[in-house]
Structures are given as structure tokens and as C-alpha cells.
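Written out below as C-alpha cells is the structure these notes cover.
Just so it is clear, none of the values below were taken in a lab; they were calculated from the coordinates. Predicted model, so just to flag it, every value in this text is computed and none were measured. All Cβ positions, glycine included, derive from the backbone under ideal geometry; neighbour counts span all protein chains shown.
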Amino acid sequence: MLQSPPGLLIRDLRQGFQTRFGWTEVLTDIDLHIHEGEFFCLVGPSGCGKSTLLNLIAGFLPPTSGVVQLDGEVLKRPGNNRVVVFQDVHNSLFPWMSVRDNVEFGLKMLRLTAVERSRRVDELLDLVRLREHDTKFPDELSGGMKQRVQIARALAIKPKILLMDEPFGSLDAQTRQSMQTELLRIWQQAKTTVVFITHDIMESVVLADRIGVMNRGPGSRIIEILNADLPRPRTIKDERFRSLVSKIEGLLGLENGHG
Ligand SMILES: Nc1ncnc2c1ncn2[C@@H]1O[C@H](COP(=O)(O)OP(=O)(O)OP(=O)(O)O)[C@@H](O)[C@H]1O
Ligand SMILES: [Mg+2]
């Protein structure tokens, strides 16, 4: 039998839903291999099925057909090796818990002593640069800080894959930019695989090793996977940056019938 490569492998994946209008095919023929340690972005028009694909990887949803595998193991339900960071910064943390307790919550299911737990929380708070704010409560934090708490809590269990569904979508432009830089630093330090969904083409080019471009549904597919092979930090001043952005715009525009 052939051995599966390490990383996330999606084969012949299809996803449909039964609605009151009948059966709708949302995703068709998804074949994808995301490498261990890779930063992979998914872009595509609203409603094309990006969150559905992320939910399938997370194990929140069983696929209509096809398989999702991580390091050779078929994923059928949520597990400690994957964790999701959502867009909603306001409802994603427990408002009655301090920053420290919110991060520590992620560790509760691991069998650690109180001392080990506390040491791990310190490491995580250092990683996201929130050590001095550890006694604050969520409503005392900015949007970017809340999102960093969410990332720390997600990383607490040392997942193999961090799944991020438009995590910076509700942040203002400046905070968003600094969170992109922070996330790249955290990713490089934590050495985890990231699957990141965004509407923002520039954001995908700033962040990703590779970018999967999806087309409009129903029956969306990943129409192309582009290598973002540019040195980091990346800027729009770089000609290669701009050319990648217009390539993605072209792919999405053509698909939308404007090309
Ligand atoms: N549980 C469900 N039952 C029925 N239809 C669903 C369900 N979940 C998603 N869909 C449909 O699947 C399609 C894709 O939805 P999804 O949320 O994955 O899109 P998206 O690409 O994440 O969009 P956005 O960019 O707006 O977040 C939509 O047409 C949606 O209505
Ligand atoms: Mg979505």
C-alpha cells in the first residue's frame, strides 16, 4: 500500500447540503495537499465554500464524499491536532475570565500539573506579547489583543494545524496589518501549519507560502494554486508582489465573468 505523505491531504472531496430548495453542491473535486509547516491561504468569492472547507478539515462536518487525512490518519471528528480561530473577536473569549484564564482554559484537557500549566501559559503569553496584560478581562482589550488571546489559547494544545477563518476581518486596517506581521512571527516560532481564509487578496500575498484560489459556486473548486515565493517581509513595492496580486485578481475576475 502507498504511504500517505505527511501533512494534510484532501482527496476527491465533495460537499453538498440538503436545503428546502433541494440538494446544493457546494464543493466539487477538491484535491489538496498542504505540507507540514506550510502557510496556506484560501481565497475566493463570498459563498464559494471556504468556511465549509475549513469546517471539513476541522472535523465539524462529515464530507458528502472523499477523505481528509492528517499524517495518514483519516479525520472524522474534531481533535486536539487541529484548532480553529474565528473572525468574531468579540464573542470568541470568555468575558468572565482574565486573559491568563482564557489561555489556560485551552490547557485544561491536557493532564498537566498546576505548575506546568502556569509555565506553559507564560510561554504562550510571551509568544503573543500579552504577558503584562494577563490579569485584564476581554472587554479591557483592543480587537487585536483579543485576537492574540484567541491565538494563544488555540496554540495552547500544540495543534499540528491552526485553522483561521478570516481572523482579521473585523479589525481596522492598521491593526490588521500589525496582526499579519505578528501572525507570521508566531507561525515561525510555533512551527505549526496554518490554513488561513481571507477575502483580502493582498493579505493572502503578504502571508502565504501558497494560495489556493476558489471559483464561485455552486460546485466550487480550487481552480489554481499559486506559489508566493517572495522573501518576507513582503511589500507592495515589490513588482513580484503586485504581479501575484493581479494574477489572483485575474483568476477571480475571469471566474466572475468580468475578465
Ligand atoms: N449547513 C449548511 N446547510 C446548507 N447550506 C449550507 C450550510 N453551510 C453552508 N451552506 C452553503 O454553502 C455555501 C458556502 O458557504 P460558506 O460559508 O462555506 O462560504 P464562504 O466561502 O465561507 O463565504 P464567506 O466568504 O461569505 O464567508 C453557501 O451557499 C451556504 O449557504
Ligand atoms: Mg466564510
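Looking at the range 1-60, the chymotrypsin sites (Phe, Trp or Tyr not before Pro) that sit in a DSSP loop and have at most 15 other Cβ atoms within 10 Å of their own Cβ are F21, F60. Computed from point charges on the beta carbon alone (+1 for Lys and Arg, -1 for Asp and Glu), the dipole magnitude for the range 19-151 about its Cα centre is near 380 Debye.
The charge dipole of the chain, taken about its Cα centre with unit charges on the Cβ atoms of Lys, Arg (+1), Asp and Glu (-1) only, comes to about 420 debye. Going from the fewest other Cβ atoms within 10 Å to the most, the residues H35, H90, H133 appear in the order H90, H35, H133. Candidate cross-link partners of K247 among the aspartates and glutamates, defined by an alpha-carbon separation under 20 Å and a same-chain spacing of 8 or more, comprise D200, E203, D209, E224, D229, D238, E239, E255. When +1 charges are put on Lys and Arg Cβ atoms and -1 charges on Asp and Glu Cβ atoms, the dipole computed for the range 65-215 relative to its Cα centre reaches about 560 debye.
Full extension of the segment from E36 to L230, taken as 0.36 nm per residue of separation minus the current Cα-Cα distance, would add 67.9 nm. Sparsely packed loop sites in the range 92-183 (the chymotrypsin sites (Phe, Trp or Tyr not before Pro) outside DSSP H, G, I, E and B with at most 12 other Cβ atoms within 10 Å) comprise W96. Selection among G72, L130, V103 by position relative to the dipole of the range 47-193 gives G72 as farthest towards the positive end (Cβ unit charges, Cα centre).
Around the amide H of V26, modelled in the peptide plane, lie the amide H atoms of Q15, G16, F17, G219, all under 5 Å away and 5 or more residues distant in sequence or on another chain.
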